[in-house]
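Structure first, then comments.
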Amino acid sequence: MKTYFKTCILLFIIGISNLLQAQSNSGLEKSRANIILDHLKHPSKNYVLAVSHRGNWRYAPENSLQAIQSCIDLGVDIVEIDVRLTKDGHLVLMHDKTVDRTTNGKGKVSDFTLEEIKKLRLKNACGVQYSMQQVPTLEEVMLLAKDKIMINLDKVEGETVREAYGVLQKTATVDQAIFKGRDSVEFMKNKYGKLMDSIIYMPILIDNTKNPEKYVDDYNKELSPIAYEVTFPTEDSNNFKLISKLNKMGITVLNIALWDALVAGHTDEMKLLNGADTSWGWLVQHGANGIMTDRPEELLDYLREKGLHN
Amino acid sequence: MESHPLLKKREMIRYSIMVLFSFFYLSSCNEKLEQNPNKKKELVETAETTPVSINQLISNLEDSSNKDVIVVAHRGDWRNAPENSLPAIQNCIDMGVDMVEIDVRETKDGQLVIMHDETIDRTTNGKGRVKDWTLDSLKTLVLRDGIGHVTTIKIPTLEEALLKSKGKILVNLDKSYDIFDQCFEVAKKTGTLNQIVIKGKKELEAVQKEFGKYLDSVFFMPMINLNDSEAENILNAYLNKKIPVAFEFTIPQDTIGLIKRFSEIRQKGASVWVNSLWPEHNGGHDDEKAVIDNTVYDWFIENHIDIIQTDRPKILLDYLRKNNLHQ
C-alpha cells in the first residue's frame, strides 16, 4: 500500500509539472507581439526592428493577407499597411486611391461597397491577376496579426483614426497597432481629443516639418510618444540632427530606407549596389532603432548576422 | 474486470515511468523542432551554388529522355528586380534557373528593347507605346519595381540582355516571331544563337515557309492549345515530318486525352513544355497552389513534362532539387 501511495504522489508531481510546462508555453509567456511592443518602448543598441513596407510584396500581392503572413513567418516585427474607407464605411487595405493598379477592377475605393470590392482579385508584382487573393479588410488583418506581429497603419492619419480604433477594439488589438501622422500634436488633440491617449501614435518628422525641435517638444510634453518616424533628405537636415537627441531620451527612431530623399541615400537600393553596411548598417550606426524596407528577408538576414535581431 | 491489487501497483509504477519518459521525450522534441529551420536553410544555400555550363544547359534541352527538368523564369526574377531587366536576368543566373523568358519589342527607330506591355506606362516612368519612342529617348527613362516605385535601372536592349545571358543561361524570346529577322542579327552579333529559343503558334507548313531559314540555327518550339480542335493534327504533322526540340502545350483542363501522349512525344525526341504560371495553362496545377503545397508540381512530373515556365523559380527549384530532378 505504501508503494501505491508513493506512486500516486509521483504521478501527481508529474501531472503538476506537465501542467506548469503547458502554462509557461502558452499563457504565462509574453506573445511575440508583446515582445515587439517592449522593443518599441525600450529601444536598445542590441535590437533593430524590421518593418516591412506593404507586407512582403515580393512574395505575394502588396497589402494582401498572404503578404502579411509571409512577414509573420519571416520574423518581421512590424508590417506597414495602407487603409482606406469603402463607400459603405468599411476599412480595407489599398495603397492607391483607385483599385486600378493592384486589382483586376477599375475605380475609386470610395465608390465600391465591401461586397463589390471583395469580388476583385489582387494582381501580383508583374501585373498578372491570377493570385486569387482578395482585398482584405482591416479586421481580417488584425485577426491574422493578433499576438504575432505589430501593424503600422498608413493613410488613416487625420481621416479614419476613429474607424480604425473601432476595428482594433472589436478585435482586441489596440496595443498591436501603431498610428502615425505629420500633423502637430495640437491639431491631433483638437481633432481626436482623449482618443489620442488610447492609441499608440508615432509622429512623423518629414522634410518640411516646420520647426522640428518644437514639434518634438510639444509631442513629448502632451503625448510622450514611444516612437518617431524620422526622414532626412541630407545629413545637414535638422531632422537628422534630432535623431541623437531622441536616442538619448530613449525614444524609438524609425527610418524609412525606401528611397533617397527619406534617408539621405542610404536605401535598400544602395544595399544592392554597395552592400548593406553602407545602407542599413549606416542607419543603425546613426541611431536607427527600426528600419522600414522593401526587402524584409534580406534586412532580417543582415540584422541577424550582426546580432541585432532574433 | 477486477485485477489483483499487486498487479495494479506494478501497472501504476510502469505507467509513471512511461509518463516520465514521455515527458522527457517531448521536451527533447521541442529542441529538435527549434533547430530544424536552420538546417533546412543550409541545405538550400549549398544547393544553389552549383554552377552549370551553357553546354550542359543546351544538351539538357536537346535531350528529351533524361529526367532533369528545365526551369524557365517568366520575365526574369521579377520579384527581386524589375521585370525584364538585366538584374532580373542576373538573379536567375545566380539562382540556377536554366532559361529566362523575356519579351522583345521594336522601337520607333527599329531598335530592339525588352518590354512586356505594348506601352511603357506600367513598368517605366514614361508614357506611350514602345513603337512611338526612339531608343535614345527610352534610354533616358528608368524601370519601376513591383509596387510601381521608380528604380535607377534602365530599359535593356535585346543586345544587352543577350550579352548578360551569354554563356550562362538559355533565353526564350517572347513576342519575337514577327520581328525575328532583326532578333537573329542581334543574336548572331552577340554570339548567342545557340542559346535562343523561339516559339510560335503556327502549323508546320506556315512555320517552314515564314521561318524555314532559321529552323536550323535556333531552337523553335511550336505552341499548341490542347483545347484546339486541330491540336492533334498539328501535333502529328510535326511528329511525322519535323520533330522540334520541344512543344509548348496549354492545358486548360487536366482531363484532356492528349496528355496521355506526352510520354510518347518525349520518346520521339521532343521535350514537353507546360507553364505553371496560371491555372488555365495546366488544368489548375499552378504556381499559386504550389506556394501553399509544393507537391502540386507532382502533376507535372507524373505527366512527363520536362520544361516548366514559372513565376516561382525559387520554390520550383527547391522542389526539383529535393526530388533529384535538377542540379
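Please treat every number below as a calculation from the coordinates, not as lab data. Keep in mind that this is a model prediction, so the values were computed, not measured. As a convention, Cβ positions derive from the backbone with ideal geometry for all residues, glycine included, and neighbour counts pool all protein chains shown.
Averaged over peptide A:121-128, the number of partner chain Cβ atoms lying within 10 Å of each residue's Cβ comes to 6. Summarising the amide proton neighbourhood of A:PHE232: residues at separation of 5 or more, or on other chains, whose placed amide H is nearer than 5 Å comprise A:VAL263, A:ALA264.
Placing a label point 7 Å from the Cα of A:LEU195 along the Cα-to-Cβ direction, the residues of segment A:127-156 with a backbone N closer than 15 Å are A:153-156. For A:ASP183, B:ASP145, B:ASP132, the sequence from fewest to most other C-beta atoms within 10 Å is B:ASP132, A:ASP183, B:ASP145. Note on segment A:45-128: antiparallel DSSP beta bridges, both residues inside, total approximately 60 percent of the bridges counted.
Computing FRET efficiency as 1/(1 + (r/R0)^6) for A:ASP277 and A:THR234, where r is the C-beta to C-beta distance and R0 is 25 Å, gives about 0.80. Close amide H contacts of B:ASN282 (hydrogens built in the peptide plane, cut-off under 5 Å, sequence separation of 5 or more or a different chain): B:ILE251. For chain A, the longest principal axis of the C-alpha atoms and the axis of helix A:212-222 are separated by about 40°.
The long axis of helix A:32-41 is offset from the longest Cα principal axis of chain A by roughly 50 degrees.
Inter-chain neighbour count for B:142-149: the average number of beta-carbon atoms from partner chains within 10 Å of each residue's beta-carbon is 5. Here is the result for segment A:235-310: no chymotrypsin sites (Phe, Trp or Tyr not before Pro) lie in DSSP coil with at most 11 other C-beta atoms within 10 angstrom of their C-beta. Calculated FRET efficiency, B:ASP63 to B:GLU210, Cβ-Cβ distance, R0 = 45 Å: about 0.95 to the nearest 0.05.
With a Förster radius of 41 Å applied to the C-beta separation of B:ASP293 and B:GLN56, the computed FRET efficiency comes to 0.85. 3J(HN,Hα) along segment B:223-236, derived from phi through the Karplus expression 6.51 cos²θ - 1.76 cosθ + 1.60 where θ = phi - 60°, amounts to 10, 10, 8, 5, 7, 5, 5, 8, 3, 5, 5, 4, 4, 5 Hz, with x in place of Gly and Pro.
Taken as Cα centroids, segment B:50-123 and segment B:256-327 sit 18 Å apart, rounded to the nearest whole angstrom. Rounded to the nearest 10 degrees, the angle from helix A:161-170 to the longest Cα principal axis of chain A is 10 degrees.
Using θ = phi - 60° in the Karplus curve 6.51 cos²θ - 1.76 cosθ + 1.60, the 3J(HN,Hα) couplings for segment A:281-286 round to x, 4, 4, 4, 4, 9 Hz; x is entered for Gly and Pro. DSSP assigns beta bridges within the protein assembly as shown; of those with both partners inside it, close to 20 percent run antiparallel. Phi angles across segment A:146-154 convert, under the Karplus curve 6.51 cos²θ - 1.76 cosθ + 1.60 with θ = phi - 60°, into 3J(HN,Hα) values of 3, 6, 10, 7, 9, 10, 9, 8, 9 Hz, Gly and Pro given as x. In straight-distance terms, cross-link reach from B:LYS314 covers every one of the lysines whose alpha-carbon lies under 24 Å from its own, apart from those fewer than eight places away in the same chain; here that gives A:LYS123, A:LYS271, B:LYS39, B:LYS40, B:LYS41, B:LYS67, B:LYS164, B:LYS166, B:LYS168, B:LYS289, B:LYS322. In this simple spin-label model, placing a label point 7 Å from the Cα along the Cα-to-Cβ direction at both B:VAL142 and A:ALA261 gives a separation of 1.2 nm. Each peptide in B:305-311, A:97-103, A:167-173 was scored by the mean count of other Cβ atoms within 10 Å over its residues; highest first, the order is B:305-311, A:97-103, A:167-173. By DSSP, the beta bridges lying fully in chain A are antiparallel in about 20 percent of cases.
Shape class for the protein assembly as shown, computed from the alpha carbon gyration tensor (a ≥ b ≥ c): oblate, with a/c not under 1.5 and a/b at or below b/c. The loop-placed trypsin sites (Lys or Arg not before Pro) in segment B:283-327, going by DSSP, include none that has at most 15 neighbouring Cβ atoms within 10 Å of its Cβ. Summary value for segment B:125-228: 19 percent relative contact order, contacts being C-alpha pairs under 8 angstrom separated by 6+ residues. Sorted from greatest to least, the principal axis extents spanned by the alpha carbons of segment A:92-216 come out as 49, 34, 26 Å. Bridging of B:LYS188 to aspartates and glutamates at a Cα separation below 16 Å is possible for B:GLU159, B:GLU160, B:ASP216, once same-chain residues fewer than 8 apart are set aside. Highest mean packing comes first when the peptides A:76-88, A:136-148, B:231-243, B:73-85 are listed by Cβ atoms within 10 Å, giving B:73-85, A:76-88, A:136-148, B:231-243. Taking all Cα pairs closer than 8 Å and separated by 6 or more residues, the relative contact order of segment B:245-294 comes to 42 percent. Protection proxy ranking, highest mean first, for peptides A:29-38, A:52-61: A:52-61, A:29-38, where packing is the per-residue count of other beta-carbon atoms within 10 Å, averaged.
Counting neighbouring Cβ atoms within 10 Å and putting the fewest first, the residues B:ASP254, B:ASP117 line up as B:ASP254, B:ASP117.
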